[in-house]
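S.K.: Sharing a structure here in structure tokens format.
The values are calculated or read from the model by the stated rules, or taken from the named source; none is laboratory data. For clarity, every value in this text was computed on a predicted model and none was experimentally measured. Because the Cβ atoms are built from the backbone with ideal geometry, glycine has one as well, and the counts that use them run over all protein chains shown. The area values use the complete protein model at the heavy-atom level, side chains included, leaving out ligands, DNA and RNA. Shrake-Rupley method; radii C 1.70, N 1.55, O 1.52, S 1.80 Å.
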Amino acid sequence: MNEKELIETAKSLVSNDKGILAMDESNPTCNKRFAALGIQQTEEARRAYREMIVTTPGLSKSISGAILYDETIRQHLTNGTPFIKAVTNAGIIPGIKVDGGAKEMAGHPGEKISEGLDGLRDRLKEYAQLGLRFAKWRAVIAMGKDIPSVACIEANAHALARYAALCQEAGLVPIVEPEVIMEGDHTMQRCFEVTEQVLKMVFNQLYKQGVMLEGMLLKPNMVLPGLACPHQESVEGVADATVKCFLRVVPAAVQGITFLSGGQSPELAAARLNAMNVRFKSHLPWALAFSFARAIQQPAMEIWQGKETNVPQAQKALFDQALCNWEARRGEYNPKMEMK
Ligand code: 13P
């Protein structure tokens, strides 16, 4: 393991107030988002959409790294440039999603376990050779009556730690993503308790597997009330609860926390990240950054509509939304920026 290189990559991904763009939707997820907007669900449409993203002028002002999907890294821009090269040429560090998706967990109705450890060592070796510098593995923790179970949290934490150890062995920075999901009517307090429990187990497993904390990033959910919870907290309330939770359980050696957006609107995700940085940035051990998919891409995808003629406008929306989150890292985000 090249410790120095891993630490440098992890630091670069959260430096200069930048964040990560997640553009690694699996084919079924990408198709689902396209279908909702009436966009064709073909390999070529996914390629063209991602070409629109990575050729956005000036994207590296706010984006440090992009998480790609396996299909994309084997595709090319219209001008023949491979995607990994296009991303690197744009001044953005290329990464890759490596989990095989969250599948029903045996004996645990409503709960999921992420697959993909078998053969992972060989896949990571290939990814490193192709020029990818970091990886992502997402675990899904569903909320509901009597769930999550300890069995589900432990199994996912163990898989995350084994994945992270394999990544570091291969020279890739692991992004460890345990997502407590927003669907449900649970309170913010319940999300706090579950997130705390999950992160405790995740860091316990990372320690057991010998993962170097300085050479990884954590990609968690914010501490939020469920989407169907009747009481929705203020932006400041979410910021306070989220930071309080992480101060309890995230070791100071971790370089950065790069939040997922999880179905929040782009405006709320940016406002909450902004509030955390306004209130706490100067006295936190780790960077509070972003690794959003929907909260950066959604406006651009809606404008794009699968049409070449819409590319410049879609790129402007993508650039602007990414910049809003760069401002949020600086504690200088203003919702009026969304109106440009
Ligand atoms: P969202 O920001 O849309 O939640 O996606 C982040 C991600 O990468 C999920 O794995």
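S.K.: Inspect all residues belonging to segment 177-193 and state whether any of them is open to solvent by less than 10 Å² (accessible area, probe 1.4 Å) and away from the ligand (no atom under 16 Å from the Cβ).
M.R.: no
S.K.: Might you check whether a residue that is away from the ligand (no atom under 16 Å from the Cβ), outside any loop (DSSP other than H, G, I, E, B), at pLDDT 95 or above and within 24 Å of residue 328 (Cβ to Cβ) occurs anywhere in segment 208-230?
M.R.: No, segment 208-230 contains no residue that is away from the ligand (no atom under 16 Å from the Cβ), outside any loop (DSSP other than H, G, I, E, B), at pLDDT 95 or above and within 24 Å of residue 328 (Cβ to Cβ).
S.K.: So which of 313, 298 is surrounded by fewer than 18 Cβ atoms within 10 Å (Cβ to Cβ) and either within 15 Å of the ligand (Cβ to nearest atom) or at pLDDT 95 or above (or both)?
M.R.: Values: 298 fails: surrounded by fewer than 18 Cβ atoms within 10 Å (Cβ to Cβ).
Only one candidate qualifies: 313.
S.K.: With open to solvent by 20 Å² or more (accessible area, probe 1.4 Å), modelled with pLDDT of 95 or more, within 19 Å of the chain's Cα centre (by Cα) and not acidic (Asp, Glu) as the only criterion, which of 291, 261, 265 stands out? Before the answer, list the steps.
M.R.: Working: 291 fails: open to solvent by 20 Å² or more (accessible area, probe 1.4 Å); 261 fails: open to solvent by 20 Å² or more (accessible area, probe 1.4 Å).
From the options 291, 261, 265, the qualifying one is 265.
S.K.: Hey, which of the helices (runs of 4 or more DSSP H) in segment 1-83, taking only ones fully inside, have at least 3 residues that are more than 16 Å from the ligand (Cβ to nearest atom), out of contact with any Gly (no Cβ under 7 Å at 6 or more places or on another chain) and farther than 26 Å from residue 129 by Cβ? Give the steps one after another, and end with the answer.
M.R.: Working: elements: 3-13, 27-36, 43-54, 70-73.
Output list reads 43-54.
S.K.: Tell me which of these residue 49 doesn't satisfy, since it passes every other one: (1) touching a residue at least 40 places away in the same chain (Cβ under 8 Å); (2) in contact with a strand residue (DSSP E or B) (Cβ under 8 Å, 6 or more places away or on another chain).
M.R.: Tallying (1) touching a residue at least 40 places away in the same chain (Cβ under 8 Å); (2) in contact with a strand residue (DSSP E or B) (Cβ under 8 Å, 6 or more places away or on another chain), residue 49 fails exactly one: (2).
S.K.: While we're looking at this one, here's another question. Which residues, taken from segment 1-53, are within 30 Å of residue 165 (Cβ to Cβ) and among the β-branched types (Val, Ile, Thr)?
M.R.: Listed by number, the residues that qualify are 7, 9, 14, 20, 29.
S.K.: Another question, then. Residue 235 versus (1) open to solvent by less than 10 Å² (accessible area, probe 1.4 Å); (2) out of contact with any His (no Cβ under 8 Å at 6 or more places or on another chain); (3) of a type outside the set (Gly, Ala, Ser): which is the lone unmet condition?
M.R.: (1)
S.K.: Suppose the filter is open to solvent by 10 Å² or more (accessible area, probe 1.4 Å), closer than 23 Å to residue 10 by Cβ and touching a Leu at 6+ places or on another chain (Cβ under 8 Å); does residue 73 pass it?
M.R.: Working: open to solvent by 10 Å² or more (accessible area, probe 1.4 Å): yes; closer than 23 Å to residue 10 by Cβ: yes; touching a Leu at 6+ places or on another chain (Cβ under 8 Å): yes.
Yes; evaluated as a whole, the condition is true for this residue.
S.K.: Just the residues that are within 30 Å of residue 146 (Cα to Cα), without any contact (Cβ under 8 Å) to a residue 60 or more places away in the chain and touching a Gly at 6+ places or on another chain (Cβ under 9 Å), please, taken from segment 90-110.
M.R.: Listed by number, the residues that qualify are 100, 104, 110.
S.K.: State yes or no: is residue 283 under 23 Å from residue 7 (Cβ atoms) and either basic (Lys, Arg) or surrounded by fewer than 18 Cβ atoms within 10 Å (Cβ to Cβ) (or both)? Spell out the reasoning first.
M.R.: Working: under 23 Å from residue 7 (Cβ atoms): yes; either basic (Lys, Arg) or surrounded by fewer than 18 Cβ atoms within 10 Å (Cβ to Cβ) (or both): yes.
Considered against the rule, which asks whether it is under 23 Å from residue 7 (Cβ atoms) and either basic (Lys, Arg) or surrounded by fewer than 18 Cβ atoms within 10 Å (Cβ to Cβ) (or both), residue 283 comes out as yes.
S.K.: Scan (1) under 29 Å from residue 12 (Cβ atoms); (2) in a loop (DSSP other than H, G, I, E, B) for the single condition residue 176 breaks and write down its number.
M.R.: Among (1) under 29 Å from residue 12 (Cβ atoms); (2) in a loop (DSSP other than H, G, I, E, B), residue 176 violates only (2).
S.K.: Cβ contacts < 7 Å: first residue closer than 17 Å to residue 25 by Cα and touching a residue at least 24 places away in the same chain (Cβ under 8 Å), restricted to segment 293-314; second residue open to solvent by 70 Å² or more (accessible area, probe 1.4 Å) and more than 8 Å from the ligand (Cβ to nearest atom), any location; separation 6+ or different chain. Result?
M.R.: Pairs found: 306/40.
S.K.: Quickly run through segment 34-47 and pick out the residues that are within 22 Å of the chain's Cα centre (by Cα) and surrounded by 19 or more Cβ atoms within 10 Å (Cβ to Cβ).
M.R.: Across segment 34-47, the qualifying residues are 34, 46.
S.K.: A further question on this structure: For segment 273-302, which positions are part of a helix (DSSP H, G or I) and farther than 18 Å from residue 20 by Cα?
M.R.: As a first pass, look at segment 273-302 and keep what is part of a helix (DSSP H, G or I): 273-283, 294-302.
Once the filter is applied, which keeps residues that are part of a helix (DSSP H, G or I) and farther than 18 Å from residue 20 by Cα, segment 273-302 yields 275, 278, 279, 280, 281, 282, 283, 302.
S.K.: Taking the conditions exactly as written (open to solvent by 40 Å² or more (accessible area, probe 1.4 Å), part of a loop (DSSP other than H, G, I, E, B) and in contact with a Gly (Cβ under 9 Å, 6 or more places away or on another chain)), does residue 252 satisfy them or not?
M.R.: Values: open to solvent by 40 Å² or more (accessible area, probe 1.4 Å): yes; part of a loop (DSSP other than H, G, I, E, B): yes; in contact with a Gly (Cβ under 9 Å, 6 or more places away or on another chain): no.
Here the answer is no, as residue 252 does not meet what is asked.
S.K.: Could you list all residues from segment 201-233 that are over 24 Å from residue 3 (Cα atoms) and not aliphatic (A, V, I, L, M)?
M.R.: Those that are over 24 Å from residue 3 (Cα atoms) and not aliphatic (A, V, I, L, M): 221, 225, 226, 229, 230, 231, 232, 233.
S.K.: If the requirement is being of a type in the set (Asp, Glu), open to solvent by 10 Å² or more (accessible area, probe 1.4 Å) and under 19 Å from the mean Cα position of the chain (by Cα), which of these qualifies: 196, 154, 169? Please lay out each step first, then the result.
M.R.: Numbers: 154 fails: under 19 Å from the mean Cα position of the chain (by Cα); 169 fails: under 19 Å from the mean Cα position of the chain (by Cα).
Among 196, 154, 169, only 196 is of a type in the set (Asp, Glu), open to solvent by 10 Å² or more (accessible area, probe 1.4 Å) and under 19 Å from the mean Cα position of the chain (by Cα).
S.K.: Output the residues belonging to segment 94-135 that are within 16 Å of the ligand (Cβ to nearest atom), open to solvent by less than 20 Å² (accessible area, probe 1.4 Å) and in a strand (DSSP E or B).
M.R.: The answer is 94, 95, 96, 114, 134, 135.
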